[in-house]
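Q: Here's a structure for you.
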Amino acid sequence: MSRLIVVSNRVTAPSGQPVGGQGGLSVALAEALREYGGLWFGWSGQSTAEFTGHLNLARTDGITTATIDLEEQDIHEYYHGYANRTLWPLFHYRIDLTEYDRTFDAGYARVNQRFADTLVPIIEPDDVIWVHDYHLIPLAMELRKRGITNRIGFFLHIPWPPPRLLTTLPHHQALVATLFDYDLVGFQTGEWLEAFQDYLAREVAAPVEDGSVTAFGKTIRIGAFPIGIDTAAFQTAAESPAALATRARIAASIDGRQMIIGVDRLDYSKGLEERFLGYERFLADNPDLCQQVFLLQIAPPTRGDIGSYQEIRSKLDTLSGRINGAYAEIDWVPIRYVNRGYGRHELAAIYRSARIGIVTPLRDGMNLVAKEYVAAQDPADPGVLILSKFAGAALQLPEALLINPYSQEEIADAIKVGLAMPLEERQRRWTRMIEGVVTDDVVKWRTDFVTTLEQLPLRADTAGHA
Ligand code: GDG
């Protein structure tokens, strides 16, 4: 078997540690590397006065990591700039929050070049290279320019936007063209894949045949590879001693009430404001039910250097304070709002203790929290998942209560339905959902992607880049 080189923006702590603020990617990739061997390459998260290309090599938790430090200007223009002020909001349909700035373009290109310069010397002829996410779209182009002919795959963890939105990005076609230096480009769901095909059909008249598409003089394979979770590990975590202790702690504090759980990075794409407003509507519509429930919202802050993230944080502070001020009683608060992360065992216990899992992103590539909530449930008494139609996960979990997160009424009604749902119906829906979560787990995701990539023919040359 070939060695696998995983490349992502950040190389983050493998399993067992809180990943609040880092997202689901780190856990999924750590598992893949343990199986295939090889190494994980990316930014260390540290800054340096002057970029040297020095590679920090380490072996932690069964994984070899190779990281580089970046200059402050790189971090500003590439990470806080093009990646998270331009591409992230645009790809989540938020052109109102999308910033276009020439210096961001330059920083994004420069960091991708720096990644390529540092990576090339450690690539061996048989290595398979798997690049992750929107931070590194042009990386294959930079590697090909440096003579790398290995198989290179790209997986996009976030949505691909519809053509009418993507064309608002200056130089959009040049960015899309760089994807044609990969051998395989994967998306989370058929919906995002279709949006990519729509773009190609409209802008470059490239039709798709048998999962391959030719444009800009190159042919690539494209496909949908829905990411899953490490389901077995998550189920075990929910039963672990640490989880039992957390469950006992929650049970003592619940006081016979039903808990609704939300767990999200504090990101405007996650629909937290809409969720709070929908919950407030539920409280207003159901005075008799109010004190029988509470919402626990765990939201570890991320990307706090960016204005739009400071704004959503302050909006949620205000909103949770207003709702609690208006509805709380001396012995009950409607929202427990927590801005910190928890360990995975604690998290599994928290999911399991909740009658309702609420996941309301306005747009989400997949959403792993929805799958984790399902995996953590007690088969004898499973809870109800309320899930946004606009998360990739909705295509895989149609038995959830699917809602439009822009509608406060739909959120409020779903909470009411979820609280009243008889055991038999909860079990029926959950049984269908857990089947999918078990079958389409993270092992299947990475195996499907890497196997597809490994089986593609090697590119004849890297013409045009010499
Ligand atoms: C991107 C895409 C796609 C959160 N708080 C804590 C904690 N988390 C963990 C969750 C989950 C992960 O973070 C979040 O993953 P999501 O999938 O929900 O969302 P993103 O971070 O936006 O991830 C997304 C994903 O990539 C994978 O492809 O699904 O669509 O946006 O695993 O559990 N974990 C712990 N404590 C916390 O407090 N331990």
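Q: For the stretch 231-439, what proportion of DSSP beta bridges, expressed in % and rounded to the nearest 5, is antiparallel?
A: In the stretch 231-439, approximately 5 percent of DSSP beta bridges are antiparallel ones.
Q: Amide H to amide H, which residues 5 or more places from T98 or on other chains are under 5 Å from it, using H placed in the peptide plane?
A: For T98, no residues qualify.
Q: Between A116, A328, V359, whose Cα lies farthest towards the positive end of the dipole of the chain when Lys and Arg beta carbons carry +1 and Asp and Glu beta carbons carry -1, centred on the Cα centre?
A: Going by the Cα projections, it comes out as A328.
Q: What residues qualify as long-range amide H neighbours of H157, i.e. H under 5 Å apart, gap of 5 or more or another chain, H built at 1.01 Å from N?
A: Sorted by chain and number, the residues that satisfy this are D133, Y134.
Q: With charges set only on the Cβ (+1 for Lys and Arg, -1 for Asp and Glu), what does the dipole of the stretch 379-435 come to about its Cα centre, in debye to the nearest 20?
A: Using Cβ point charges on Lys, Arg, Asp and Glu, the stretch 379-435 gives about 100 debye.
Q: May I ask you to list the trypsin sites (Lys or Arg not before Pro) in the stretch 301-350 that are in a DSSP loop and have at most 12 other Cβ atoms within 10 Å of their Cβ?
A: R340
Q: Can you say what percent of the DSSP beta bridges in the chain, counting only those with both residues inside, are antiparallel? Round to 5.
A: Percentage antiparallel, nearest 5: 20.
Q: Check cross-link reach from K416 to the lysines: straight Cα distance under 22 Å, and skip same-chain residues fewer than eight apart.
A: In chain and number order, the partners are K270, K371, K389.
Q: Along each principal axis of its Cα atoms, how long is the chain end to end? Whole angstroms, biggest number first, please.
A: Over the chain, Cα extents along the principal axes are 72, 48, 42 Å.
Q: Now for a separate question. Angle check, please: helix 25-36 long axis (alpha carbons) against the longest principal axis of the chain (alpha carbons), in degrees 0 to 90, nearest 10.
A: Relative to the chain, helix 25-36 is tipped by roughly 60 degrees.
Q: Something else now. Taking one equal scatterer on every alpha-carbon of the stretch 252-349, how large is log10 of I(q)/I(0) by Debye at q = 0.13, 0.15 1/Å?
A: Debye output, listed in q order: -0.47, -0.62.
Q: Moving to a separate point now. Using the alpha-carbon atoms, what tilt in degrees (0 to 90, nearest 10) does helix 408-420 show relative to the longest principal axis of the chain?
A: So the inclination is approximately 60 degrees.
Q: At a 10 Å Cβ-Cβ cut-off, how would you order T167, T439, fewest neighbours first?
A: The most exposed by this proxy come first: T439, T167.
Q: Run lengths n ≥ 4 of DSSP H only: what is the helix-derived mean residue ellipticity at 222 nm for the chain, with -39500 (n - 2.57) per run over all residues, to the nearest 500?
A: -12500 deg cm²/dmol
Q: For the stretch 112-126 and the stretch 375-413, write down the distance between their C-alpha centroids in whole Å.
A: The distance from the Cα centre of the stretch 112-126 to that of the stretch 375-413 comes to 42 Å.
Q: Quick check: net charge around G307, other residues with Cβ under 15 Å of its Cβ, Lys/Arg +1 and Asp/Glu -1?
A: -1
Q: Computed on alpha carbon atoms, what radius of gyration and Dmax characterise the stretch 196-301, expressed in Å?
A: 22.9, 65
Q: Still on this structure, I have one more. Nearest 10 degrees is fine. How inclined is helix 307-327 to the longest principal axis of the chain, computing both from alpha carbons?
A: Roughly 10 degrees, rounded to the nearest 10.
Q: Exposure proxy check: L289, L385, L453, L165 ranked by fewest other beta carbons within 10 Å?
A: Exposure proxy ranking, most exposed first: L289, L165, L453, L385.
Q: Where does each of R459, R164 land when they are ranked from fewest to most other beta-carbon atoms within 10 angstrom?
A: In increasing order of surrounding Cβ atoms, one gets R164, R459.
Q: Per residue, how big is the convex hull of the stretch 231-439 when only Cα atoms are used? Give it in Å³.
A: 112
Q: Moving to a separate point now. If amide hydrogens are placed 1.01 Å from N in the peptide plane, which non-local residues have theirs closer than 5 Å to the one on I403?
A: For I403, the qualifying residues are L387, S388, K389.
Every number here is computed from the coordinates shown, using simple stated rules; none is lab data. Small disclaimer: the values here were computed from a predicted structure and weren't measured. All Cβ positions, even for glycine, are placed from backbone atoms using ideal geometry, and neighbour counts span all protein chains on display.
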